[in-house]
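The values are calculated or read from the model by the stated rules, or taken from the named source; none is laboratory data. No experiment lies behind these values; they were computed from the predicted model shown. Cβ sites come from the backbone with ideal geometry, for glycine too, and all protein chains shown count toward neighbours. When the accessible area is computed, the model is the full protein with side chains, heavy atoms only, and any ligands, DNA or RNA have been set aside. Shrake-Rupley method; radii C 1.70, N 1.55, O 1.52, S 1.80 Å.
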Amino acid sequence: MVEAERAALRARGVPGELVWTGGSSVPGALTRGDVDLHLRVPPDEFAAAVALLREDHAVVHPEIWCDTLATFAVDAPLPAGLAVTPVGSEHDVRFTRTWELLRADRRLLAAYNAMKTTGADADYEARKSTFVDRLLTGDI
């Protein structure tokens, strides 16, 4: 699926580097079965990339969009989403560094899996955000 989306983006002239992120990209991580893709775009090409994606990808979570983040659905066999960020932005670092850390440290991965299985489903997004904040500041 990642390669298919990468090829489709390239064929449409969408700039940037597509990487697979999220729990499904980390061996041993618990996941809800969805696939998270991250398009890292040079800052001066962010607006153009978002405009191209709007032509053939459905916008999702417009309430979280900002100057450094846009999110889209991906037409794929599994539920999949695409986050677009300018390279070097806060969101870019958050999406790339989080999964690098979890892949590199089994202790951090265990803490992530514990976070996924504790608490109410309604609180999941807030718990995950707090976890990532703590992970990136070295508090875990």
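The apolar share of the surface of the chain, taken as the fraction of accessible area on carbon and sulfur atoms (1.4 Å probe, ligands and nucleic acids excluded), comes to 56 percent.
For Val60, the residues whose amide H sits under 5 Å from its own are Thr71, Phe72, Ala73, ignoring neighbours fewer than 5 places away on the same chain, with H placed 1.01 Å from N. Along the range 118-130 the Karplus relation, 6.51 cos²θ - 1.76 cosθ + 1.60 evaluated at θ = phi - 60°, assigns HN-Hα couplings of 10, x, 7, 4, 5, 9, 4, 4, 5, 4, 5, 4, 5 Hz to successive residues, with x for each Gly and Pro. The residues of the range 1-132 have, on average, 53 Å² of accessible surface per residue, using a 1.4 Å probe with all protein chains present. Computed on protein heavy atoms with a 1.4 Å probe, the accessible areas place Thr117, Thr21, Thr130 in the order Thr117, Thr130, Thr21, largest first. Glu3 exposes around 120 Å² of accessible area when a 1.4 Å probe is run over every protein chain in place. Note that the range 22-36 has calculated 3J(HN,Hα) couplings of x, x, 5, 8, 10, x, x, 7, 6, 9, 8, x, 9, 10, 9 Hz, one per residue in order, obtained from phi through the Karplus relation 6.51 cos²θ - 1.76 cosθ + 1.60 (θ = phi - 60°); glycine and proline are x.
Normalised by the number of residues in the range 1-104, what is the relative contact order in percent for Cα pairs under 8 Å and 6+ residues apart? Spell out each step's value before the answer.
On the way: 166 pairs, mean separation 28.8, N = 104.
RCO, the range 1-104: 28 percent.
Among the chymotrypsin sites (Phe, Trp or Tyr not before Pro) found in the range 89-140, not one is both in a DSSP coil and sparsely packed, with 11 or fewer other Cβ atoms within 10 Å of its Cβ.
Ser24 contributes an accessible area of around 40 Å² to the protein surface, as traced by a 1.4 Å probe with all chains present. Between Glu125 and Asp75, the distance separating the two model label sites (each 7 Å from Cα on the Cα→Cβ line) works out to 2.6 nm.
Stokes-Einstein D for the chain at 4 °C, 1.567 mPa s, Kirkwood Rh over Cα pairs, in µm²/s? Result for D is 83 µm²/s. Exposure check, 1.4 Å probe, all protein chains in place: Leu52 carries approximately 40 Å² of accessible surface. As a length-normalised measure over Cα pairs under 8 Å and 6 or more apart, the relative contact order of the range 57-140 settles at 17 percent. Of the beta bridges in the chain, as assigned by DSSP with both residues counted there, near 60 percent are antiparallel.
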